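Reading through the structure tokens given below for one structure.
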Amino acid sequence: MVESFEINRIKSRPHLVDLQRTFMPVNLISELTSKCNLRCTYCPKGDLNKDAWNGAPGRDMHMEDTALGRYLDLVRTLEFGQIQLSGVGEFSFRQDWVEVGKQIRDQTRSKITLVSNFARIFSKEELDFLLSLFHIMVSIDTSDADLLKKVRKAVDIRTITTNIINLRARALATGRAMPLIKINATIYAENLRHIHELACFAASVGVHIFQLARVGGLSEANEFPHPITMASAEDAAEALRQMDLARVVCANVRMQYTEVGDLRSELVRLSQPALGQAA
Ligand code: SF4
């Protein structure tokens, strides 16, 4: 956080401007709340009593008014490529999220993005705010309603689907463009065989981008779900096959297909015994 008097001091001393530019972050990720309405089993927020991380100051609270005021000074003063309205936590869990979101949006020329779980039905006012964003990433790991509920607890896939459809309907009703909608699927051992079906689900609800990534920081000691390193070679080989099918589904409906990080290389490594047997 850069305080406003610091920004003014830098502005009034031109020899510091280059330094300001040099160290200027390209994008800004903003944790306007660290509270979340969900308790996903692979997230540090899954069990607030589980580890010390949750006990650290600020790990389960909305950004306080004083800090929010300074934050607004920052986004008013500096321009970023993108401002993401979420860190770990669910921005829409703040009662005043639309009001705060509009304040940020109206004070910057930066593109505004959001990661949200879409786990409750949004009102028209909320949909209108969402329509003003550049990009929204929604996390769905599987289109299997039972597995989704087991991993992400309070999530119902029907709620996510309804929100996406309502957003599209609201865009049509108000003559506005849809923001880019990305479905992000975090991959673990138990959903490796769900990738193709999930891509078909994403295609049928008309999102723009389908992204696959490993669940970050998931330990082998986690009760459920398990990291892909615990998957069988057959499951890893099947996941690779399904990723290729998902790519074809995406191409057919002109939806962008993206893999993030080392998901594919790790699956290739894990599948070697199975590929060896097949040969
Ligand atoms: S929705 Fe996101 S922040 Fe909330 S518990 Fe799940 S993974 Fe964590």
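Treating only the Cβ of Lys, Arg, Asp and Glu as charged (+1, +1, -1, -1), what charge dipole size does the chain show about its Cα centre? Round to the nearest 20 debye.
Values: 34 positive and 33 negative charges, 162 e Å.
Using Cβ point charges on Lys, Arg, Asp and Glu, the chain gives about 780 debye.
Using helices alone, I'd like the mean residue ellipticity at 222 nm for the chain: each DSSP H run of four-plus residues gives -39500 (n - 2.57), total over residue count, nearest 500. Please list the in-between numbers first.
Working: 11 runs with 121 residues, N = 279.
The per-residue figure over the chain is -13000 deg cm²/dmol.
Taking the Cα centre of the chain as the origin and placing charges on Cβ (Lys, Arg +1; Asp, Glu -1), which of Trp53, Met255, Gly175 is farthest toward the positive end of the dipole?
Positive-end residue among those listed: Gly175.
Please check the chain for the longest run free of chymotrypsin sites (Phe, Trp or Tyr not before Pro) that are loop-located per DSSP (anything but H, G, I, E, B) and have at most 15 other Cβ atoms within 10 Å.
Within the chain, the longest run free of exposed chymotrypsin sites (Phe, Trp or Tyr not before Pro) spans 135-279.
Please determine, in degrees from 0 to 90 and to the nearest 10, the orientation of helix 263-278 with respect to the longest principal axis defined by the Cα atoms of the chain, where the helix direction is its Cα long axis.
It works out to around 10 degrees.
For the chain, list the cysteines whose Cβ sits under 4.7 Å from no other cysteine Cβ?
Cys36, Cys200, Cys250
Taking H as built 1.01 Å from N, whose amide H comes closer than 5 Å to the amide H of Tyr257, not counting residues under 5 places away?
For Tyr257, whose amide H was placed from the backbone, the distant partners under 5 Å are Phe210.
Quick one: length gained pulling Thr77 to Thr159 fully straight, 0.36 nm per residue minus the C-alpha distance?
Numbers: separation 82, 0.36 × 82 = 29.52 nm, distance 3.75 nm.
25.8 nm is the gain from fully extending Thr77 to Thr159.
So what J values fall out for segment 147-155 if you push phi through Karplus, 6.51 cos²θ - 1.76 cosθ + 1.60 with θ = phi - 60°, rounded to Hz, Gly and Pro as x?
Per-residue couplings from phi come out as 5, 4, 5, 5, 8, 10, 6, 6, 7 Hz.
Go ahead and set up a Gaussian network model of the chain, Cα springs under 10 Å, then flag whichever of Leu28, Leu172, Leu114 fluctuates most.
Leu172
Using only Cα atoms, tell me the angle between helix 65-77 and the longest principal axis of the chain; keep it within 0 to 90° and round to the nearest 10.
For 65-77 against the chain, the angle is about 90 degrees.
So how tilted is helix 97-106 from the main axis of the chain? Cα-based, degrees 0 to 90, rounded to 10.
Here the helix axis deviates by roughly 60 degrees.
Calculate I(q)/I(0) for the chain by the Debye formula, one identical point scatterer on each C-alpha and no solvent, and give its log10 at q = 0.09 Å⁻¹ to two decimals.
-0.49
Bear in mind that the values in this text are calculations on the coordinates, not laboratory data. Since we're looking at a predicted model, the values are computed, not measured. Cβ sites come from the backbone with ideal geometry, for glycine too, and all protein chains shown count toward neighbours.
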